[in-house]
1. So what's the back-of-envelope 222 nm ellipticity for the chain, counting only DSSP H runs of four-plus at -39500 (n - 2.57) apiece and dividing by all residues, rounded to 500?
2. Could you state the angle between the C-alpha long axis of helix 2-15 and the longest principal axis of the C-alpha atoms of the chain, as a value from 0 to 90 degrees rounded to the nearest 10?
3. Straight-line reach only, C-alpha to C-alpha below 23 angstrom: list the lysines that Lys54 could link to, leaving out same-chain residues fewer than 8 apart.
4. Along the three principal axes, how long is the chain when you take its alpha carbons, biggest first, rounded to the nearest angstrom?
5. If you keep only loop residues by DSSP, which chymotrypsin sites (Phe, Trp or Tyr not before Pro) in the range 1-34 have at most 16 other Cβ atoms within 10 Å of their Cβ?
6. Across the range 68-73, in residue order, what do the Karplus-derived ³J(HN,Hα) couplings come to in whole Hz, using 6.51 cos²θ - 1.76 cosθ + 1.60 with θ = phi - 60° and x for Gly and Pro?
7. Amide H of Ile50: which non-local residues (sequence gap of 5 or more, or other chain) have their own amide H closer than 5 Å, using H built in the peptide plane?
Amino acid sequence: MPLRMLGYYLLLKQRYSDKPIKQMVLYVGDGNPNMPNFLETDNLRFSYEIRDIKDIECKELLESDRLEDKILAVLYI
């Protein structure tokens, strides 16, 4: 996952170099997420956030003004 997220970051940064990029993995599996959220080598330090959808209140998503939040609320069903 860290290499995939780094690849996504680089593609986004090339296209939107003047904008800040905040990356997040939204975990929708059973149990707790147990994957690393960083990549560290001799010359690189990269990280991103992992959120478990079970930790987000469905009501909060449904009441949001953002369409993407309402779409995410469907994952609760």
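1. When only DSSP H runs of four or more count, the value is -9500 deg cm²/dmol.
2. With rounding to tens, the tilt is 80 degrees.
3. Lys22, Lys70
4. So the three principal-axis extents are 42, 32, 13 Å.
5. Here the sparse-neighbourhood loop sites are Tyr16.
6. Coupling constants for the range 68-73: 4, 5, 5, 5, 5, 4 Hz.
7. Those qualifying (amide H under 5 Å, at least 5 residues apart or on another chain) are Val25.
No value in this document is a laboratory result; all are computed from the given coordinates. Please read these numbers as outputs of a predicted model, since none were measured by experiment. In this analysis, Cβ positions are derived from the backbone assuming ideal geometry, glycine residues included, and neighbour counts consider all displayed protein chains.
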